[in-house]
Structure formats: structure tokens, C-alpha cells
1. Can you tell me which residue among Ser117, Ser132, Ser60 is farther than 23 Å from Pro4 by Cβ, assigned to a helix (DSSP H, G or I), among the small types (Gly, Ala, Ser) and at pLDDT below 90?
2. Out of segment 14-33, which residues are on the phi < 0 side of the Ramachandran plot and free of Cβ contacts under 8 Å to residues at least 24 places away in the same chain?
3. Identify all residues within segment 63-101 that are hydrophobic (A, V, I, L, M, F, W, C), loosely packed, with under 15 Cβ neighbours inside 10 Å and modelled with pLDDT of 95 or more; write none if there are none.
4. Between Glu44, Glu104, Glu111, which is in a helix (DSSP H, G or I) and buried (at least 19 other Cβ atoms within 10 Å of the Cβ)?
5. Condition first: under 15 Å from the mean Cα position of the chain (by Cα) and at pLDDT 85 or above. Can you find one or more residues in segment 137-145 that meet it?
6. Please go through (1) closer than 22 Å to Val101 by Cβ; (2) buried (at least 19 other Cβ atoms within 10 Å of the Cβ) for Leu204 and return the number of the only condition it doesn't satisfy.
7. How do the pairs read when you match residues in segment 122-145 that are in the same structural domain as Leu38 (by TED's automatic domain parsing) and more than 17 Å from Glu94 (Cα to Cα) with residues anywhere that are loosely packed, with under 12 Cβ neighbours inside 10 Å and at pLDDT below 85, using Cβ under 7 Å and keeping only pairs 6 or more apart or on different chains?
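The values are calculated or read from the model by the stated rules, or taken from the named source; none is laboratory data. What you see is a predicted model; the values in this text were computed from it and never measured. Glycine gets a Cβ as well: all are built from the backbone with ideal geometry, and neighbour counts include every protein chain shown.
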Amino acid sequence: MHIPPHLQPFWNDFAKFAGRSVDERFYDAFHFGDSEGLANELAELVLLGVKRATASSFWSYEKQERRIPQPGDLSIVTGWAAAPVCVIETQSVEIVPFREVTAEFAFAEGEGDGSLSFWQQENRRYFTRECSEAGRQFSEDMPVACERFTVVFAPERIRAEQLKAPVTFYLDNLPVGYFLDDCTPEVDGNYKYMPFRGPGHYNLGLQLRNSRTPRCHYVANEKRVEFSVRTYVEYGVLCLSNFNVGLTP
């Protein structure tokens, strides 16, 4: 596959960073997910190191007459609008029946609560839809390409400008989401945020449903800010209180 012209400058920057020509290792340029919100959210999870794997139907490669990725392949991950986010390197690919995908791999995908049951539920829906469009029928024995990867190039400038997620907040060092409207809250109030589909946001909801008060934090402007999450006001809005602002070490 050829490098798309609009991504060539980004690829050239990566080649300079790598200190050598990498054109022969280029495999693909793509975004995760099938919607704008999901594509940008999953790209952010990749940058945060939460999402370290992805699964694809082996049949989809056959339909496109493409080989499956191989260790050492390099791909550009983009946001929904096709703006470059990072370069990933394929570490390994294993073809297994859907029913044999492991809990460890599901956790490496970094979505939902990180469980195998969540992975099976969501991917069963996705692959059923994909198989239908390709004239096939989903089954628990369908072959799945389980790819593991690592990020090898991710300029902070791209992360801030394209994903527009300047302040990510965490629960027990797991990313929960990021504040909207360039907000860095330090006083009690209600704040808009974009949640990540990952273990951090799942655990936040679990604690709130169990009448607990999660303690989260973010780091910005050389400050570490800790705060309590009182409740969900509505989807995408949290009520925050009990702020503690300190300088980063």
C-alpha cells in the first residue's frame, strides 16, 4: 500500500525521527472504530498506552485481497478526519477462532471494562454486522486476527491539536476521560468531559453506583490536581468537589 499524499509529511517526520528510511515497512493508514467519537477516543487510548491490541476478521483481509499485518509492519493511526495521530509497529499477529480469544488479549485491547465478556459482547455485534455486509455468517469459530502493537512515534503537538484532549484525568492511574472546553477545574462545580471506553471509566461508574466517592487527579500547568467525583449530573457531565492543588515534583 502506498502512503496517502496528505500523510506524507507526517511520515517524513517519522523517518527523520527514526534516522533511516522506513518506506519499505509501511503497511496501512487507518482509524479505529466506525464513528467519529469512537475513532478519536480509541486513538487517544492508544496514545495513553491503554489500547495495545486490535482484532479484525480474517475474512475482511481476504475480501480486500490484502495480507494480514506482520511483525515489524508500520502503520499510521489517524483520527476520524484522517489527521495523523501516531505510528504503530506490529509486534505479533495470531489467527484464532473467535471463541478462543483470551482474557489477556481482551484486556490489551483496552476497551470497556477490559473483560473478556465485554470484548465478546461488543465484537460479536461488530463481526455479525461486518459478516452480513460481506455475505458471510458470524460464528464462534470464525477466524480472528489478534494483533498486538506498540506506539513508536506520537508527537505531543499532534495529540493536542488533533485529538483536542489537553487534560486527561485518572482514577488509580487509569485514564477516565478528558475535560472539554480547554477546562482545568480547580473549584467545586459541574464539568463537561469526554469519557474513554476503558477500565478507568468503568471503575469510576462502578464506585459511584456503589455509593462511593472516587478520588481522581490530573496533571497540567506544572500542577497536580486531585478531586472527588460526587455524581454523574448527566451523560458527559460530572459534579466535582474537594480539590487539592499542588505542584508537580
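1. The conditions single out Ser132.
2. Answer for segment 14-33, where residues must be on the phi < 0 side of the Ramachandran plot and free of Cβ contacts under 8 Å to residues at least 24 places away in the same chain: Ala15, Lys16, Arg20, Ser21, Asp23, Glu24.
3. Ile95
4. Among Glu44, Glu104, Glu111, only Glu44 is in a helix (DSSP H, G or I) and buried (at least 19 other Cβ atoms within 10 Å of the Cβ).
5. no
6. It fails just one condition, (1).
7. Partner pairs satisfying both residue conditions: none exist.
This table checks each residue for (1) of a type in the set (A, V, I, L, M, F, W, C); (2) in contact with a strand residue (DSSP E or B) (Cβ under 8 Å, 6 or more places away or on another chain).
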site	(1), (2)
Val46	yes, yes
Ala53	yes, yes
Ser60	no, no
Arg66	no, no
Pro84	no, yes
Ser92	no, yes
Arg99	no, no
Phe105	yes, yes
